[in-house]
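Note sheet for the following structure.
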Amino acid sequence: MLFSGGAFTVANSILWGNSKIIQFNSLEEQSEFELQTSALVSINNSLIKKQNPTGAGNVDATVIGFDPLFVSQIGQNYHLLAGSPLINSGNNSFLPVDTYDLDNDGDVLELIPFDLDGSNRISIGIVDIGPYEFIDEVFFNGFE
Ligand SMILES: [Ca+2]
Ligand SMILES: [Ca+2]
Ligand SMILES: [Ca+2]
């Protein structure tokens with residue numbers, strides 16, 4: 001993927017190497033990601049492999065030994081493990097509204113209610129970066 005012009009926005013998203021780009025906003029799935037300085041770029045509350053993009057709230061993936069704690073990178077399973085730096089690192093204000101009324105409550109102006117699994121899009125008050133919200137099983141199931 002090469003952005004050589006135009007403008008694009010990345011928010012609450014994961015761009016991870018040669019695998020999928022996962023997002024909710026304006027980008028489609030891509031296999032590569034490269035920026036040229038002529039592109040107008042807005043990257044916020046996102047993770048880009050081996051980068052620390054300018055913008056607000058991005059995860060610094062340039063740290064030695066950085067691990068986003070995906071369930072399986074090889075298996076391209078981008079669900080998050082407990083302790084992932086992506087948990088609660090999104091920005092709720094970047095979420096799209098529920099235009100298609102996914103929860104059938106007649107409210108199309110609320111924030112989108114579900115993640116890619118159909119779980120609550122926002123858990124513990126703040127959206128996680130990427131398509132899946134981390135659910136704390138202990139919290140979710142009540143007491144152990
Ligand atoms: Ca709704
Ligand atoms: Ca609702
Ligand atoms: Ca969360």
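Laboratory data are not the source of any read-out in this text; all were calculated from the coordinates shown. What you are looking at is a predicted structure, and each value in this text was computed from that prediction instead of being measured. As a convention, Cβ positions derive from the backbone with ideal geometry for all residues, glycine included, and neighbour counts pool all protein chains shown.
Annotations
- Cβ-derived FRET efficiency at R0 41 Å, ASN77 paired with TYR100, nearest 0.05: 0.95
- Karplus-derived 3J(HN,Hα), 6.51/-1.76/1.60, for each residue of region 86-101, Hz, glycine and proline x: 7, 5, 6, 9, x, 10, 4, 5, 8, 5, x, 7, 7, 3, 9, 6
- Cα-based shape type of region 63-144, given that a ≥ b ≥ c are square roots of the gyration tensor eigenvalues and the cut on a/c is 1.5: prolate
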